[in-house]
Structure formats: structure tokens, C-alpha cells
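S.K.: The structure is given below, and queries will be raised subsequently.
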Amino acid sequence: MTAPGARGREAVMAYSGGTIDRASNQRTDPAFLGATLAAPGARLIPMWQDRCVVSGEPAVPAILAAAGAGAGAILEAAAETVFLGLDDDGGVFAADLSPLEESRAVELAGGDRALDVRGFVGTLRPPEAALLGYARGMLYWNRHQRYCGTCGSRTSSGHGGHLRSCQNPQCARLHFPKVEPAVIMLVESSRPPRRCLLARHRGSAPDGFSTLAGFVDVSESLEDAVRREVAEETGVVVETVTYLASQGWPFPSGLMVGFRATAVTEEITVDAEEVIEARWFTRGQLRELAASRGRLGREDSIGRYLLHSWLAETR
Ligand SMILES: [Zn+2]
């Protein structure tokens, strides 16, 4: 089950709240990495083009003993092997089999198909979903950072896959994994009855209303991004913006930052580019929408958390 759990008063979203020790101080040491990979408890998560290799129904992801039969062939075939961290049994690594044919990658990893973690997250325990999301994000970044963005030379992997260094000695730029922040917000009316502002985006179903969201611009605060996105997409002016929760979103490299925002105007003017309709919903109307659609937001999304936490309030 991937519904938000809790760490104290903190809401924990799907793909977040992993329990692995990332051992970021140790992964800079090649001797540590070599010994960890060679130790009996080390495991390997093979992936193919952002997908897990899985078998059975419900899907069980392939996680192999790094010292076991077949793991050597995976390590040899992998374009990149990334150190994810340590758990109670030892080191956990992710191996990228993307250059192979899909069928060959699946066969090598002992699975029966390749499946994105979003396709079976509902059957995973939260720490498993967090680990597979982390593996997906790290392999994606390595695969898309093979060349230096400054001089175009090849880069090489370091720090267990958490650093890529330009191989051109004149440049020698260091590249670190990038995270792209996006804001997602539940906008609430300031006057009673309390209502929330939801929007329907281009291509969505006639009742496909969801929370507003958007990427953070360069040199923009998260709060300003909330105000700008709401104004651009709906014409509504918001003032108070309060942080609620965040979610690592490795699809491919996002960080969703969730807010509650209070509107000081209510008139809606949609931009008609991204948003084709926006509407204010009372809690009763939102419950009706949830009942007619059978759900409110995708199971693994922070948008669902924002909506459900608002519905749970009574003021
Ligand atoms: Zn360079």
C-alpha cells in the first residue's frame, strides 16, 4: 500500500520515505564500493530503459544476489552500475541493461517482462517503491549525462554513479544528479463556503479535474511559482502560500513540492493553452466527483494527498 504514511507529523508519499542508508560519505571511496559489491549480502536491481525487470502477477521485481549465478553477466552487460546504498543485509546496486534488446535484458535478469514501477506501485511496500524509484532516477540521469553539457566530451562515472566527470582535461567539469522542482497546490477560497480550485487540462476526461501544478522557473521561489502558476492558468490571485509536503518524483527527475494557497480573488479566466476549464468545488461537490470517478487523483500522487487532506478537514 502506498498511501501516505507518517513520520511523526510528516506525510510520506509514494516513492519517498525510503529506508536505505544512501551512505553518501562512503560512496566517494572506490575501495568501499568494490568491497561492498563483492560482499555476500550485496544485491543488484537490473533495469531496462527506466523499467524494472519483473516476473509473475502481481509483478515481483527482480532483485538478485550480486554474487549469485547470472549477476556477473548483468554487471558485464550493464551500461552503468550505480550504488544506491546500504540496508541491513549489505549494499544495493542498480544495473542499467538499456543497451540490450528488451527480451535479452529480461532473460538475463531472470524475469518475464519489463514494467515501469508506476505500473505496480500499488502492490509494493513503501520502502520498495522508494528504492525502485531511486534506482530509476539514478540510471536515467547517468544515461542522459554521458556527454558534458559544457564542451560535449564524454563523461565518466564516479562516486558509485552519483557523479559524472568530463573527460576533457581542459574542461574537467563535474556533473551531479539534477532534480527538477515543481509546485503542486490546493488553492482554497478565503470566503465561506470553503471551496477548492481544480482544473481540467488539455486531453483530460470531461470530469478529469485535478490540482494545479507547474515547474519552478529559474531564480524563482517556490511560493512565487505557486502564485504565478495559479494566476497564469486560472487568473485567480493567491496570497498566503503554505508548505504541506513533498514527494520525490523520479519520472524522470522531479521533486513535487505541495502547498496550500489561499485565494483573494475568485473569478476564473483559463489560459486555454494548458488548462481548458477550472472550477471551484465545495467539499460536497468534491466528494461527488470522487464518487463518480471512483477515485480522486492517481494512487501514487501527491495531488491525491492534497485533495484528501483538504476533504478531511471540517472547517
Ligand atoms: Zn566538458
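No value in this document is a laboratory result; all are computed from the given coordinates. All figures in this text were calculated on a predicted structure; none of them were measured in a lab. Methodologically, a virtual Cβ is constructed for each residue, glycine included, from the backbone with ideal geometry; neighbour enumeration extends over all protein chains shown.
S.K.: Is the shape of segment 103-148 best called rounded, prolate or oblate, per the rule: a/c under 1.5 gives rounded, else a/b larger than b/c gives prolate, else oblate, with a ≥ b ≥ c the square roots of the Cα gyration tensor eigenvalues?
M.R.: Values: a/c = 2.74, a/b = 1.21, b/c = 2.25.
Oblate, because a/c is 1.5 or more while a/b does not exceed b/c.
S.K.: Now a separate question. Length gain on complete extension for the stretch Ala79 to Val60, per 0.36 nm per residue less the alpha carbon to alpha carbon distance? Intermediate values should be presented prior to the final figure.
M.R.: On the way: separation 19, 0.36 × 19 = 6.84 nm, distance 2.33 nm.
Separation in residues times 0.36 nm, less the Cα-Cα distance, equals 4.5 nm.
S.K.: Relative contact order (percent) for segment 72-198, with alpha-carbon contacts under 8 angstrom and 6 or more residues of separation? Before the final figure, lay out each step's value.
M.R.: Working: 149 pairs, mean separation 20.2, N = 127.
Dividing the mean separation by the residue count of segment 72-198 yields 16 percent.
S.K.: Sort by residue number and name the cysteines in the chain that have no neighbouring cysteine Cβ under 4.7 Å.
M.R.: Cys with no partner Cβ under 4.7 Å: Cys52, Cys196.
S.K.: So, one more: Classify segment 5-144 as rounded, prolate or oblate, taking a ≥ b ≥ c as the square roots of the eigenvalues of its Cα gyration tensor: rounded when a/c is under 1.5, otherwise prolate if a/b is larger than b/c and oblate if not. The partial results should precede the final answer.
M.R.: Details: a/c = 1.69, a/b = 1.10, b/c = 1.54.
The shape class here is oblate.
S.K.: Taking a quarter of the surface of the Cα convex hull of segment 100-182, what do you get in nm²? Please report the intermediate quantities before stating the final value.
M.R.: Working: hull surface 30.4 nm².
Average of the hull's projected areas for segment 100-182 equals 7.6 nm².
S.K.: Suppose every Lys and Arg Cβ carries +1 and every Asp and Glu Cβ carries -1, with no other charges. What dipole size does the chain come out with about its Cα centre, to the nearest 20 debye?
M.R.: Values: 33 positive and 38 negative charges, 68 e Å.
Computed charge dipole of the chain: roughly 320 debye.
S.K.: Still on this structure: Quick one: if the Förster radius is 41 Å, what FRET efficiency do Ser219 and Asn168 give, using the C-beta to C-beta distance and rounding to 0.05? It would help to have the intermediate numbers written out before the result.
M.R.: Values: r = 29 Å, r/R0 = 0.71.
The formula returns an efficiency of 0.90 here.
S.K.: How would you classify segment 180-312 from its alpha-carbon gyration tensor, with a ≥ b ≥ c the square roots of the eigenvalues: rounded for a/c under 1.5, else prolate if a/b is greater than b/c, otherwise oblate? Walk me through the numbers before you get to the answer.
M.R.: Working: a/c = 1.37, a/b = 1.15, b/c = 1.19.
Judged from the Cα gyration tensor, segment 180-312 comes out rounded (a/c under 1.5).
S.K.: Let me ask something else. Using Cα pairs closer than 8 Å and at least 6 residues apart in sequence, work out the relative contact order for segment 33-145, in percent.
M.R.: Relative contact order for segment 33-145 comes out at 33 percent.
S.K.: Using r as the Cβ-Cβ distance of Asp116 and Phe176, and R0 as 35 Å, what FRET efficiency do you calculate, to the nearest 0.05? It would help to have the intermediate numbers written out before the result.
M.R.: On the way: r = 25 Å, r/R0 = 0.71.
My answer for the efficiency is 0.90.
S.K.: Using the eigenvalues of the Cα gyration tensor, what equivalent ellipsoid semi-axes result for the chain when each is taken as the square root of five times the eigenvalue, whole Å, largest first? It would help to have the intermediate numbers written out before the result.
M.R.: Numbers: eigenvalues 320, 102, 61 Å².
Over the Cα atoms of the chain, the ellipsoid semi-axes are 40, 23, 17 Å.
S.K.: Normalised by the number of residues in the chain, what is the relative contact order in percent for Cα pairs under 8 Å and 6+ residues apart? Kindly include the intermediate steps, with their values, before the conclusion.
M.R.: Values: 661 pairs, mean separation 52.9, N = 315.
In percent, rounded to a whole number, it is 17.
S.K.: Any chance you could give the angle, 0 to 90 degrees and rounded to 10, that helix 302-312 forms with the longest Cα principal axis of the chain?
M.R.: Helix 302-312 sits at roughly 40 degrees to that axis.
S.K.: Using 7 Å Cα-to-Cβ label points, what is the Gln285/Asp87 separation (nm, one decimal)?
M.R.: Those two pseudo-labels are separated by 4.5 nm.
S.K.: Quick check on the chain: helices-only [θ] at 222 nm, where DSSP H runs of length 4 and up contribute -39,500 (n - 2.57) each and the sum goes over total residues. Nearest 500, please.
M.R.: Numbers: 7 runs with 76 residues, N = 315.
So the helix-based figure for the chain works out to -7500 deg cm²/dmol.
S.K.: Assuming R0 = 25 Å, can you tell me the calculated FRET efficiency for the pair Leu255 and Ala231, based on Cβ-Cβ distance, to the nearest 0.05?
M.R.: Details: r = 22 Å, r/R0 = 0.89.
Efficiency at R0 = 25 Å is approximately 0.65.
S.K.: Under a GNM of the chain (C-alpha, springs under 10 Å), which listed residue has the highest mean-square fluctuation: Val53, Val218, Val226?
M.R.: In the Gaussian network model the winner is Val218.
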